[in-house]
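Contents: one structure, followed by commentary.
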Amino acid sequence: MPKIVQKDDPVLHRHAREVPPADILTPKIQRVIDDMRKALVAEEDGVAIAAPQIGVPLRIFVVSKRALEIEDEIAREDAEDAGAPSAKRSALHDLVFINPEITKLSKKQKWVPEGCLSVRWLYGKVLRAEKATVRAYDEHGKIFTRGGSGLMAQIFQHETDHLDGALFIEKARNIEEIPPEHLKKARA
Ligand code: ZN
């Protein structure tokens with residue numbers, strides 16, 4: 001099982017390298033993606049992970065199926081509140097972002113609670129844009145663009161920060177320690 005490195009590890013404080021697009025389909029890169037998925041699935045409430053968190057200084061992050069389910073659930077509730085017929089639940093799987101670039105951030109920002117799989121067990125509030133759009137390569141080497149609001153936008157910003165060597169605690173306020181037994185929160 002790939003180990004998730006913790007906050008003092010130098011790999012979390014370095015700018016991660018781009019993946020040459022021609023290398024995406026190589027066993028080496030596919031193995032990194034596979035290891036990231038395994039490490040993330042093993043964390044009961046993890047919602048996303050960046051490659052440096054398993055000690056690999058490359059610009060890749062993975063968003064879990066769980067995060068997409070939360071996003072889907074909120075969208076369905078919003079639709080119901082608006083009186084729209086409830087949409088059929090879509091089949092969801094995790095999303096891989098290689099060489100991600102944030103192409104759009106909403107001006108509107110909000111202080112949101114945040115935690116990190118590499119900063120146990122600290123939590124704090126971070127100022128994040130409410131909406132974000134990312135362009136990246138997927139695990140098949142295809143370019144795609146994905147927008148998100150709320151939790152998804154927060155994940156995009158948290159994960160690209162990881163790829164730039166930044167941890168949320170460097171910009172958080174009201175940092176507190178919450179022991180794992182008192183916890184039911186999403187971490188990334
Ligand atoms: Zn994190």
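The values are calculated or read from the model by the stated rules, or taken from the named source; none is laboratory data. Keep in mind the model is a prediction, meaning the values are calculated, not measured. Note that we place each Cβ from the backbone using ideal geometry, even for glycine, and neighbour counts take in every protein chain shown. Accessible surface areas use protein heavy atoms only, side chains included; no ligands, DNA or RNA. Shrake-Rupley method; radii C 1.70, N 1.55, O 1.52, S 1.80 Å.
Quickly estimate the mean residue ellipticity at 222 nm for the chain, helices only: each DSSP H run with n ≥ 4 gives -39500 (n - 2.57), and the total goes over all residues, rounded to 500. Per the formula, -8000 deg cm²/dmol. Only beta bridges with both residues in the chain are counted; by DSSP, about 95 percent of them are antiparallel. The distance between label points at residue 34 and residue 121 comes to 3.4 nm (points 7 Å beyond Cα on the Cα→Cβ vector). If you average the alpha carbon positions of region 37-52 and of region 92-125, how far apart do those two centres end up, in angstrom? Value for the Cα centre distance between the two parts: 13 Å.
Look at the dipole of region 3-107 built from charges on Cβ: of 20, 82, 70, the Cα furthest out on the positive end belongs to 20. Measuring between alpha carbons in the structure, the pairs from 131/171; 65/131; 28/107; 3/125; 38/142; 3/28 lying more than 28 angstrom apart are 28/107.
If you take the beta carbon distance between residue 13 and residue 171 as r and set R0 to 22 Å, what does 1/(1 + (r/R0)^6) give as a FRET efficiency, to the nearest 0.05? It comes out at approximately 0.95. Look at the Cα gyration tensor of region 51-116: its axes a ≥ b ≥ c give a/c of at least 1.5 with a/b over b/c, and that counts as prolate.
Extending 7 Å from Cα along the Cβ direction at residue 108 and again at residue 145 yields two label points whose distance is 2.1 nm.
Structure remark: mean-square fluctuation, Gaussian network model of the chain, C-alpha springs under 10 Å; the largest value among 160, 26, 145 belongs to 26.
Relative to the globular-protein estimate of 2.2 N^0.38 Å, the Cα radius of gyration of the chain stands at 1.01. In the full protein context, region 43-188 carries 50 Å² of accessible surface per residue, based on a 1.4 Å probe and ignoring ligands, DNA and RNA. Could you work out what % of the accessible surface of the chain is carbon and sulfur, using a 1.4 angstrom probe and leaving DNA, RNA and ligands out of the count? With neighbouring chains kept in place, the figure for the chain is 53 percent. When all alpha carbon pairs of region 1-92 are counted in 5 Å bins from zero, the resulting P(r) reads 2, 13, 19, 17, 15, 11, 9, 7, 6, 2, 0 %.
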